[in-house]
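Below: one structure, written as structure tokens.
The values are calculated or read from the model by the stated rules, or taken from the named source; none is laboratory data. Not measured: the values here are computed from a predicted model. Cβ sites come from the backbone with ideal geometry, for glycine too, and all protein chains shown count toward neighbours. Remember, those area values only see protein heavy atoms, side chains included, never the ligands or the DNA or RNA. Shrake-Rupley method; radii C 1.70, N 1.55, O 1.52, S 1.80 Å.
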Amino acid sequence: MLIDTLKRGKETEKVGLLGIVGNVFLFILKIVVALASKSQSMFADSVNSGTDILSSIMTFVGGRISQNASDEQHNYGYGKAEYVFSLIISLIMGYLAITVAVEGAKALIIQSQFEFSYALIVVCLVTIITKVCLYIYTNKIGKQSENILVLANSQDHKNDVWITTSVLVGIIASRFNAYFLDGLIAIFIACKIFIEAIKFFITSYSVLIDKSINEVKLEEIREIIRSFKSIDHIDKITSKAAGKSFVIIIKVSVDGNMTVNESHDIAGKLKARVMELKDVYDVIVHINPV
């Protein structure tokens, strides 16, 4: 388990570092061109890249902290660190989404025009290519390790491809004096950022409040318990989130005439079987006499 934790942490850290470098590059490129052209949609896209920088920083820090092994103060490790930082990201993203939406609405009402330049198109194309590459890489790593935070980053890169494509459409439309699209697209981007913020918040919040393991996994555990003929009854199964994984607490009843050694042997074998399931950090088995 420690090896898996270290590997996951290193992968998350690497994904975060790569994201920081890529997003800082795109942010500087976008903000310079946005200020020069006064394009609200490009400005909104640069803000989106700004939130991506924060997201990547949080991913990097979360990955580094989550590598730490369990200790006396943190018996189940530091897995929840990823979700603490994800929660912070979601709040920042929500605030920035509202800000961008307000600016986009102003641009739509005022019908402000921006100076068209091929630099805007070049920036969009560079962004799309960069984000496609980041998406392919992070999606592969995320699926291999089943890392929720990395997969969230992957989805964020994918969303950025569509967002920047929308910006590109608005820029091209400006050549035909359809400037109203600039404000509309800025609002669209703000909505996309806000939706992602909600997703981050829900995922993080669910883990931090110790949401129980899903019913499908519970049924798998029940099936394992039922395979033990010496177990008379399943009393209760509870779970506690430990980052991505869960601590499973199982209470079962056996013949009260069993010896301590016999019941202990059942508990040990049951724990070993359940530990083979994915996303199980630890198993505690309590034996009750019928």
Among the residues of the range 253-272, are any under 25 Å from residue 86 (Cβ atoms) and out of contact with any Gly (no Cβ under 8 Å at 6 or more places or on another chain)?
no
Quick one: count up the residues across the range 241-283 that are within 24 Å of residue 203 (Cβ to Cβ) and free of Cβ contacts under 8 Å to residues at least 40 places away in the same chain.
4
Counted residues in the range 97-116 being farther than 13 Å from residue 183 by Cα and modelled with pLDDT under 75 come to 2
Of those in the range 144-156 that are buried (at least 24 other Cβ atoms within 10 Å of the Cβ) and outside any loop (DSSP other than H, G, I, E, B), the residue farthest from the chain's Cα centre (by Cα) is 156
Pull up the range 6-23, narrow it to residues that are modelled with pLDDT of 80 or more and of a type in the set (A, V, I, L, M, F, W, C), then point me to the one that is surrounded by the fewest Cβ atoms within 10 Å (Cβ to Cβ).
21
Just to check your reading of the model, which residue among 141, 92 is touching a helix residue (DSSP H, G or I) at 6+ places or on another chain (Cβ under 8 Å), open to solvent by less than 80 Å² (accessible area, probe 1.4 Å) and either among the basic types (Lys, Arg) or under 21 Å from residue 28 (Cα atoms) (or both)?
92
Taking residue 285 as the residue in question, decide whether it is exposed (fewer than 15 other Cβ atoms within 10 Å of the Cβ) and aliphatic (A, V, I, L, M).
no
How many residues of the range 223-239 are open to solvent by less than 80 Å² (accessible area, probe 1.4 Å) and not small (Gly, Ala, Ser)? The answer is 8
If I ask for residues that are open to solvent by less than 80 Å² (accessible area, probe 1.4 Å), closer than 30 Å to residue 166 by Cβ and of a type in the set (D, E, K, R), which ones from the range 181-222 would you list?
182, 192, 196
Residues of the range 157-180 being open to solvent by less than 50 Å² (accessible area, probe 1.4 Å) and over 20 Å from residue 31 (Cβ atoms), which ones?
173, 178, 179
